[in-house]
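Participant: Got a structure for you, questions after.
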Amino acid sequence: DVKVTQSSRYLVKRTGEKVFLECVQDMDHENMFWYRQDPGLGLRLIYFSYDVKMKEKGDIPEGYSVSREKKERFSLILESASTNQTSMYLCASRPTGTGNTEAFFGQGTRLTVV
Amino acid sequence: QQQVKQSPQSLIVQKGGISIINCAYENTAFDYFPWYQQFPGKGPALLIAIRPDVSEKKEGRFTISFNKSAKQFSLHIMDSQPGDSATYFCAARSGNAGNMLTFGGGTRLMVKP
């Protein structure tokens, strides 16, 4: 059974704090993604990584950074949390290949910045 | 700027009815169109997907209809059940952009018993 695990279901942080969201996958997938989910806006890609130590900006990278030191782990970092970063954050992984490869999602982390 | 536009944002259907969710896209490089289903407290999970070389794909009560010329595709849920109540996302993948998925805005479906 494939699994993408996000370290926290709920987080409450103060404005200006540095926040770490952790994601681990056990499927040996090369590609990992961080999305944020907001009502009416769907899932928007923040950053993705196609290999260890590699990272690429998605559609909304401002205010975020990422780290991928090991293949199975992809971390999202909010350097200085702001209230407009209150959202649901979803991590996903997918194998490499041009076939119709499915993306597997974690259960999400609901972050509230106060 | 959303490259995949999804409607409606929310939908209420009676049990046994047909739920229809529509998506439209502009990028002709999209070559794979999955639908994801998300229950409260869970991450999205792949429900059904279609490639643009077919006009329809059916899996149980779920059907994707695809209109390549109109650049539109839709999800039909036949005999909708309360257990189908969830948020549905359409998506599109571009082989030209590293196989990235672009998601629609989501539709919150409620099926009333």
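Participant: Looking at the stretch A:43-57, can you tell me whether even one residue there is touching a helix residue (DSSP H, G or I) at 6+ places or on another chain (Cβ under 8 Å) and either free of Cβ contacts under 8 Å to residues at least 24 places away in the same chain or within 30 Å of B:ARG108 (Cβ to Cβ) (or both)?
Facilitator: No, every residue in the stretch A:43-57 fails to be touching a helix residue (DSSP H, G or I) at 6+ places or on another chain (Cβ under 8 Å) and either free of Cβ contacts under 8 Å to residues at least 24 places away in the same chain or within 30 Å of B:ARG108 (Cβ to Cβ) (or both).
This table checks each residue for (1) within 27 Å of A:SER8 (Cα to Cα); (2) more than 10 Å from every other protein chain (Cβ to nearest Cβ); (3) in contact (Cβ under 8 Å) with a residue 24 or more places away in the chain.
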| site | (1), (2), (3) |
| --- | --- |
| B:GLN6 | no, no, yes |
| B:ALA45 | yes, no, no |
| B:ASP79 | no, yes, yes |
| B:ALA86 | yes, yes, yes |
| B:ARG93 | no, no, yes |
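Participant: What are the residues in the stretch B:10-43 that are more than 13 Å from every other protein chain (Cβ to nearest Cβ) and of a type in the set (S, T, N, Q), if any?
Facilitator: If the condition is that a residue be more than 13 Å from every other protein chain (Cβ to nearest Cβ) and of a type in the set (S, T, N, Q), then B:GLN14, B:SER19, B:ASN22, B:ASN27, B:THR28 are the ones that fit.
Participant: Look at the stretch B:5-22 and say how many of its residues are polar (S, T, N, Q), closer than 12 Å to B:PRO82 by Cα and open to solvent by 70 Å² or more (accessible area, probe 1.4 Å).
Facilitator: Looking only at the stretch B:5-22, we keep the residues that are polar (S, T, N, Q), and these are B:6-7, B:9-10, B:14, B:19, B:22.
Next, only the ones that are closer than 12 Å to B:PRO82 by Cα stay: B:14, B:19.
From what's left, open to solvent by 70 Å² or more (accessible area, probe 1.4 Å): B:14.
Selection size over the stretch B:5-22: 1.
Participant: If you don't mind, there's one more thing I want to ask. Given the criterion modelled with pLDDT of 95 or more, within 22 Å of A:PHE105 (Cα to Cα) and more than 11 Å from the chain's Cα centre (by Cα), identify the matching residue among B:PHE30, B:PHE39. Quick ask: steps written out before the conclusion?
Facilitator: Values: B:PHE30 fails: modelled with pLDDT of 95 or more.
It is B:PHE39.
Participant: Within the stretch B:89-97, is even one residue more than 14 Å from the chain's Cα centre (by Cα), of a type outside the set (D, E, K, R), open to solvent by less than 20 Å² (accessible area, probe 1.4 Å) and at pLDDT 95 or above?
Facilitator: Looking through the stretch B:89-97, none of the residues is more than 14 Å from the chain's Cα centre (by Cα), of a type outside the set (D, E, K, R), open to solvent by less than 20 Å² (accessible area, probe 1.4 Å) and at pLDDT 95 or above.
Participant: Identify, please: which residue in the stretch A:43-84 is hydroxyl-bearing (Ser, Thr, Tyr) and surrounded by 15 or more Cβ atoms within 10 Å (Cβ to Cβ) and is, among those, nearest to the other protein chains (Cβ to nearest Cβ)? Reasoning before the result, please.
Facilitator: Looking only at the stretch A:43-84, we keep the residues that are hydroxyl-bearing (Ser, Thr, Tyr), and these are A:47, A:49-50, A:64-65, A:67, A:75, A:80, A:82-83.
Add one more test, that the residue is surrounded by 15 or more Cβ atoms within 10 Å (Cβ to Cβ), and what stays is A:47, A:49-50, A:64, A:67, A:75.
Details: A:TYR47: 12, A:SER49: 11, A:TYR50: 7, A:TYR64: 17, A:SER67: 20, A:SER75: 17 Å.
Filtering first and then ranking leaves A:TYR50.
Participant: Within the stretch A:23-42, identify whether any single residue is surrounded by fewer than 22 Cβ atoms within 10 Å (Cβ to Cβ), out of contact with any Ser or Thr (no Cβ under 7 Å at 6 or more places or on another chain) and assigned to a strand (DSSP E or B), and answer yes or no.
Facilitator: No, the stretch A:23-42 has no match at all.
Participant: Hey, another quick one. Yes or no: A:SER75 in contact with an Asp or Glu (Cβ under 7 Å, 6 or more places away or on another chain), polar (S, T, N, Q), touching a residue at least 24 places away in the same chain (Cβ under 8 Å) and under 26 Å from B:PRO40 (Cα atoms)?
Facilitator: Values: in contact with an Asp or Glu (Cβ under 7 Å, 6 or more places away or on another chain): yes; polar (S, T, N, Q): yes; touching a residue at least 24 places away in the same chain (Cβ under 8 Å): yes; under 26 Å from B:PRO40 (Cα atoms): yes.
Yes: the conditions hold for A:SER75.
Participant: Still on this structure: Residue check: is B:PRO40 closer than 24 Å to A:CYS91 by Cα and either open to solvent by 40 Å² or more (accessible area, probe 1.4 Å) or free of Cβ contacts under 8 Å to residues at least 60 places away in the same chain (or both)?
Facilitator: Values: closer than 24 Å to A:CYS91 by Cα: yes; either open to solvent by 40 Å² or more (accessible area, probe 1.4 Å) or free of Cβ contacts under 8 Å to residues at least 60 places away in the same chain (or both): yes.
Yes; evaluated as a whole, the condition is true for this residue.
Participant: Based on what the data block shows, is A:LYS70 basic (Lys, Arg) and either over 16 Å from A:THR86 (Cα atoms) or at pLDDT below 95 (or both)?
Facilitator: When the stated conditions are applied, A:LYS70 passes them.
The values are calculated or read from the model by the stated rules, or taken from the named source; none is laboratory data. Please read these numbers as outputs of a predicted model, since none were measured by experiment. Glycine also receives a Cβ, built like all others from the backbone with ideal geometry; neighbour counts cover every protein chain displayed. Heavy atoms of the whole protein, side chains included, go into the accessibility calculation; ligands, DNA and RNA do not. Shrake-Rupley method; radii C 1.70, N 1.55, O 1.52, S 1.80 Å.
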